[in-house]
1. I'd like the full set of residues that are in a loop (DSSP other than H, G, I, E, B), within 9 Å of DNA strand C (Cβ to nearest atom) and touching a helix residue (DSSP H, G or I) at 6+ places or on another chain (Cβ under 7 Å), limited to the range A:9-68.
2. Taking only the range B:122-134 into account, find how many residues are within 10 Å of another protein chain (Cβ to nearest Cβ) and within 14 Å of the chain's Cα centre (by Cα).
3. Is it true that residue A:50 is within 19 Å of the chain's Cα centre (by Cα), on the phi < 0 side of the Ramachandran plot and at pLDDT 95 or above?
4. So which pairs qualify, if the first residue must be in the range B:181-209 and at the interface with another protein chain (Cβ under 9 Å from one of its Cβ atoms) and in contact (Cβ under 8 Å) with a residue 40 or more places away in the chain, the second must be outside any helix (DSSP H, G or I) and buried (at least 18 other Cβ atoms within 10 Å of the Cβ), the Cβ gap must be under 8 Å, and the two must be at least 6 apart or on different chains?
5. Among the listed residues B:40, B:85, identify the single one that is surrounded by 16 or more Cβ atoms within 10 Å (Cβ to Cβ), more than 13 Å from DNA strand D (Cβ to nearest atom) and farther than 19 Å from residue B:131 by Cα.
6. Tell me, yes or no, whether the range B:167-177 has at least one residue that is within 11 Å of chain A (Cβ to nearest Cβ), within 23 Å of residue A:204 (Cα to Cα) and not in a helix (DSSP H, G or I).
7. Looking at (1) part of a helix (DSSP H, G or I); (2) within 29 Å of residue B:166 (Cα to Cα), find the lone condition where residue A:183 falls short.
8. For the structure I just gave you, tell me whether residue B:113 is surrounded by 18 or more Cβ atoms within 10 Å (Cβ to Cβ) and either touching a helix residue (DSSP H, G or I) at 6+ places or on another chain (Cβ under 8 Å) or at pLDDT below 95 (or both).
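The values are calculated or read from the model by the stated rules, or taken from the named source; none is laboratory data. Only a predicted model underlies this, so the values are computations on that prediction, with no experimental measurement involved. Here the Cβ is made from the backbone with ideal geometry for all residues, glycine too, and neighbour counts use every protein chain on show.
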DNA sequence: GTAAAAGCCGAAGGATGATTCATATATCAC
DNA sequence: GTGATATATGAATCATCCTTCGGCTTTTAC
């Protein structure tokens, strides 16, 4: 799978008739299913098409190549997660530090867990594809939202808010990923639901007390 | 790259002469270099062999297939990191909670950063290969070490030590990964060095005060 | 009803790249 | 020095799979 300039990753054409939007949806879903059952290394255009109940030719009507398909699926998913974060940040703007922390964590977990197990499969896509600019875009939006949120806390002040923002984002994204990806068992879910809010709150409180050198 | 039973991932034969150990080392290093410069999707046996200065045939003398090569490189790296963690846990056994937290974080960061940027490239290997059992092995060793460490703290007690262990491990592994993989800039390193110890300490102190419901 | 547009099909072409093996060279044991 | 063993070579083989394209079917517009 050769690397391709990002502009070439866009869909080939957009569906006009209801028939074709159903096709595109089916292809998206089939992609995730194949990812889950076979892994990215054995995700072939034929397999995805077969799972979606369409022919390869049809797939190539909407996606110029395999990478564009994977890119599209990842893009859509990431966007939904970012929107969830942005909404939560807007909702908790001006709240007390502990409340905003809990709200942010809960929103992120809700978004991530809603799409299980598909969200796990997508981690592998990002690794295979050249997704640097997509990811960095998403992270930028996330950081902007979190930073605005933190700045609005009435009961906290941060010496270096950019660093704290980066840290909170890494804590959230990283810990949840690490907690899920090697076994998304009920125990893991319980751990995430109970401990991540605790971590985030404890860190923010500590950082707010001048913990940033 | 088809999935292959784990037993088949073992090296084909071990080097006997010094000449061949040098070859194997060169192949390992070349693998990481190709991973870094071309990405896993364009990591071909030919490319690795060329970078290592040997022929493909030679590679196949030591590794039954491409996956075994990747597996070996990942395995070796993970082992070094785990050993670093185990040593740190042993060293801080019985220390005060804050000290053990700082020691653990520092040891992990040292190990991870020592191999930059290679350690970043290896994240993508784990995603492509079937490494479930390798990873779960490594995590089990890590968790065992951390749990023993936490249990030995004289100034802390945890209601559910298994959960706290899982949480600390996820925090550490996840946050560091998230902090590095999308840009391993100096700023990211500073963030990790200053904020991760803070997070870990704050969480452990909070969890020790009956934070585990 | 019918022509144009949109959507769909899947066999065939072509490129890539993993793996083998017959052969050649280097090292070791004596 | 010599046979035995270990190591190295890389062209040829073989399998996989991405992508195209000419022709077919369905939908839409009038």
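1. First, the residues of the range A:9-68 that are in a loop (DSSP other than H, G, I, E, B): A:10-17, A:39, A:43-44, A:53-55, A:63-65.
Next cut, within 9 Å of DNA strand C (Cβ to nearest atom) only: A:13-17, A:53-55.
If the condition is that a residue be in a loop (DSSP other than H, G, I, E, B), within 9 Å of DNA strand C (Cβ to nearest atom) and touching a helix residue (DSSP H, G or I) at 6+ places or on another chain (Cβ under 7 Å), then A:13, A:15, A:53, A:54, A:55 are the ones that fit.
2. So the count comes out to 7.
3. Numbers: within 19 Å of the chain's Cα centre (by Cα): no; on the phi < 0 side of the Ramachandran plot: yes; at pLDDT 95 or above: yes.
So residue A:50 fails the test.
4. Listed pairs, sorted by first residue: B:204/B:156; B:205/B:156; B:207/B:158.
5. Residue meeting the stated conditions: B:85.
6. Taking the range B:167-177 as the starting set, the residues that turn out to be within 11 Å of chain A (Cβ to nearest Cβ) are B:167-177.
From what is left, the residues that are within 23 Å of residue A:204 (Cα to Cα) are B:167-177.
Remaining after also requiring not in a helix (DSSP H, G or I): none.
Within the range B:167-177, not a single residue is within 11 Å of chain A (Cβ to nearest Cβ), within 23 Å of residue A:204 (Cα to Cα) and not in a helix (DSSP H, G or I).
7. Only one criterion in (1) part of a helix (DSSP H, G or I); (2) within 29 Å of residue B:166 (Cα to Cα) is unmet by residue A:183, namely (1).
8. On the way: surrounded by 18 or more Cβ atoms within 10 Å (Cβ to Cβ): no; either touching a helix residue (DSSP H, G or I) at 6+ places or on another chain (Cβ under 8 Å) or at pLDDT below 95 (or both): yes.
It is false that residue B:113 is surrounded by 18 or more Cβ atoms within 10 Å (Cβ to Cβ) and either touching a helix residue (DSSP H, G or I) at 6+ places or on another chain (Cβ under 8 Å) or at pLDDT below 95 (or both).
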